[in-house]
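The values are calculated or read from the model by the stated rules, or taken from the named source; none is laboratory data. These numbers were taken from a predicted model, which means no experiment stands behind them. Note that each Cβ is placed from the backbone with ideal geometry, even for glycine, and that neighbours are counted across all protein chains shown.
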């Protein structure tokens, strides 16, 4: 690509990249009409204010269904992993009967953290490391040293505090609210979809963890458009031209849609070839596309012909975000001789790092005192939709007029 941006007479200008759209085997796939309704970006306060960051946790993250992990992480009774957000820690485990449960990770005695490793295997009980209070894997308190002499004490009154848990096609979501909205109502765009990718049967072949100096919303904005792809992602744009896309979910907590690949027998990898056979339940169109979705407020799902990629975004501070990226393949593909996920992992690790650099650089401008909200292009309709969802969650139906002003 460097040769296409050489200087001198006859050189290509950056804008030429946007004009030169390569066709697909089906011919050029034009975008459906989309609109940002004249919206501008979110105001500066939503990226720099400590008060806003605290309110986001109370009004959004502590009330939403958050992707915590996958059933493949709990392959036997007693296996567990932790999900952590701000000061909250949740133990997600499989009990002795095979049921998956979630509990707040603290002892009912004096609050000690029960599990301190990110994942592992428990014995027959969860034992507090402080005073040896012991809980069954179903959360009931079953052994309490030196409490018999305490008048009125009943172990049945002190089970672990449970956390709402939902299993969507093998992906495990938790909700920290005391009375959470039912999962199907909170994320209706997922209900009854994507089973043809066999998500409940998959296993992660690789995981990468990034910590990036930018506000969490920057990553949702970046993921939600390919306006930047020709210039920032030349390798990606060769595989899926930025205008070969459409959105089948354009309002609400689940947003996104498919992009057509130039090679209908390929995938999003270094070299554009598949790392594994296509999922057998996919039809011809599904095998020729990659499907990208954001799940408000904490995850991105990307459905490829041969694998599913998952990003989870965890806000660490108003200006720092942890991104966990995982690549899920079918166990039969993983077990096949010669299986190598590296072309997919390397492709997206490269693209991730390009995106993180863009997010950091944009965030440096957004936090400037001189910065003012700019207008969205029509190619950024999903960002405008994300902002509407965000403002509904933050402010209810009465969204501040200044945050949704038109040009």
(request) Filter the stretch 236-254 for residues that are assigned to a helix (DSSP H, G or I) and in contact (Cβ under 8 Å) with a residue 60 or more places away in the chain and give the result. (result) 236, 237, 238
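Take the conditions in contact with a helix residue (DSSP H, G or I) (Cβ under 8 Å, 6 or more places away or on another chain) and either crowded, with 19+ Cβ neighbours inside 10 Å or at pLDDT 95 or above (or both) and apply them to residue 64. Does it pass? Don't jump to the end; show me each part of the working.
Details: in contact with a helix residue (DSSP H, G or I) (Cβ under 8 Å, 6 or more places away or on another chain): yes; either crowded, with 19+ Cβ neighbours inside 10 Å or at pLDDT 95 or above (or both): yes.
Yes: the conditions hold for residue 64.
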(request) Evaluate the stretch 15-34: report whether one residue or more is at pLDDT 50 or above, in contact with a helix residue (DSSP H, G or I) (Cβ under 7 Å, 6 or more places away or on another chain) and either farther than 30 Å from residue 373 by Cα or surrounded by 14 or more Cβ atoms within 10 Å (Cβ to Cβ) (or both). (result) yes
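Give the residue, chosen from 181, 196, 185, that is assigned to a helix (DSSP H, G or I) and either buried (at least 19 other Cβ atoms within 10 Å of the Cβ) or touching a helix residue (DSSP H, G or I) at 6+ places or on another chain (Cβ under 9 Å) (or both). Spell out the reasoning first.
Values: 181 fails: assigned to a helix (DSSP H, G or I); 185 fails: either buried (at least 19 other Cβ atoms within 10 Å of the Cβ) or touching a helix residue (DSSP H, G or I) at 6+ places or on another chain (Cβ under 9 Å) (or both).
Testing whether each residue is assigned to a helix (DSSP H, G or I) and either buried (at least 19 other Cβ atoms within 10 Å of the Cβ) or touching a helix residue (DSSP H, G or I) at 6+ places or on another chain (Cβ under 9 Å) (or both) leaves just 196.
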(message) Based on this model, can you work out whether residue 362 counts as closer than 18 Å to residue 37 by Cβ, modelled with pLDDT of 95 or more and surrounded by 13 or more Cβ atoms within 10 Å (Cβ to Cβ)?
(response) no
(message) I need the full set of residues from the stretch 82-117 which are within 27 Å of residue 169 (Cβ to Cβ) and within 19 Å of the chain's Cα centre (by Cα), in order please.
(response) 82, 83, 84, 85, 88, 89, 90, 92
(message) If residue 120 meets every condition in (1) surrounded by fewer than 19 Cβ atoms within 10 Å (Cβ to Cβ); (2) in a loop (DSSP other than H, G, I, E, B); (3) under 28 Å from the mean Cα position of the chain (by Cα) apart from one, which number is that one?
(response) (2)
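Could you list, in sequence order, all residues of the stretch 385-407 that are modelled with pLDDT of 50 or more and over 25 Å from the mean Cα position of the chain (by Cα)? If you could, list the steps in order and put the result at the bottom.
Kept after step one, since they are modelled with pLDDT of 50 or more, are these residues of the stretch 385-407: 385-397.
Matches in the stretch 385-407: 397 only.
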(request) Those residues that are in contact with a strand residue (DSSP E or B) (Cβ under 6 Å, 6 or more places away or on another chain) and either farther than 14 Å from residue 105 by Cα or surrounded by 19 or more Cβ atoms within 10 Å (Cβ to Cβ) (or both), I need them from the stretch 159-169; list them, please. (result) 160, 163, 165, 166
(request) For residue 260, work out the one condition from (1) within 15 Å of the chain's Cα centre (by Cα); (2) at negative phi it doesn't fulfil. (result) (1)
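Condition first: closer than 30 Å to residue 209 by Cβ, out of contact with any strand residue (DSSP E or B) (no Cβ under 7 Å at 6 or more places or on another chain) and part of a loop (DSSP other than H, G, I, E, B). Can you find one or more residues in the stretch 131-151 that meet it?
From the stretch 131-151, those closer than 30 Å to residue 209 by Cβ are 135, 137, 139; that's our starting set.
Then keep just the ones that are out of contact with any strand residue (DSSP E or B) (no Cβ under 7 Å at 6 or more places or on another chain); that gives none.
Checking the stretch 131-151: not a single residue is closer than 30 Å to residue 209 by Cβ, out of contact with any strand residue (DSSP E or B) (no Cβ under 7 Å at 6 or more places or on another chain) and part of a loop (DSSP other than H, G, I, E, B).
Can you tell which of 79, 49 is surrounded by fewer than 18 Cβ atoms within 10 Å (Cβ to Cβ), more than 20 Å from the chain's Cα centre (by Cα), in contact (Cβ under 8 Å) with a residue 24 or more places away in the chain and closer than 21 Å to residue 216 by Cα? Even if it seems obvious, please write down each step before you answer.
Values: 79 fails: closer than 21 Å to residue 216 by Cα.
One residue alone meets the criteria, 49.
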(request) Give me a count of the residues in the stretch 209-235 that are more than 27 Å from residue 252 (Cα to Cα) and either out of contact with any strand residue (DSSP E or B) (no Cβ under 8 Å at 6 or more places or on another chain) or in a helix (DSSP H, G or I) (or both). (result) 6
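Taking the options 277, 297, name whichever one is surrounded by fewer than 22 Cβ atoms within 10 Å (Cβ to Cβ) and either within 21 Å of the chain's Cα centre (by Cα) or in the same structural domain as residue 56 (by TED's automatic domain parsing) (or both).
Numbers: 297 fails: surrounded by fewer than 22 Cβ atoms within 10 Å (Cβ to Cβ).
Checking each option against the conditions leaves just 277.
Within the group 166, 204, which residue is in the same structural domain as residue 52 (by TED's automatic domain parsing), closer than 17 Å to residue 301 by Cα and assigned to a strand (DSSP E or B)? Working first, answer last.
Working: 166 fails: in the same structural domain as residue 52 (by TED's automatic domain parsing).
Result: 204 is the single residue among 166, 204 that is in the same structural domain as residue 52 (by TED's automatic domain parsing), closer than 17 Å to residue 301 by Cα and assigned to a strand (DSSP E or B).
Given the criteria touching a helix residue (DSSP H, G or I) at 6+ places or on another chain (Cβ under 6 Å) and under 20 Å from residue 352 (Cβ atoms), does residue 212 qualify?
Values: touching a helix residue (DSSP H, G or I) at 6+ places or on another chain (Cβ under 6 Å): yes; under 20 Å from residue 352 (Cβ atoms): yes.
Criteria met by residue 212.
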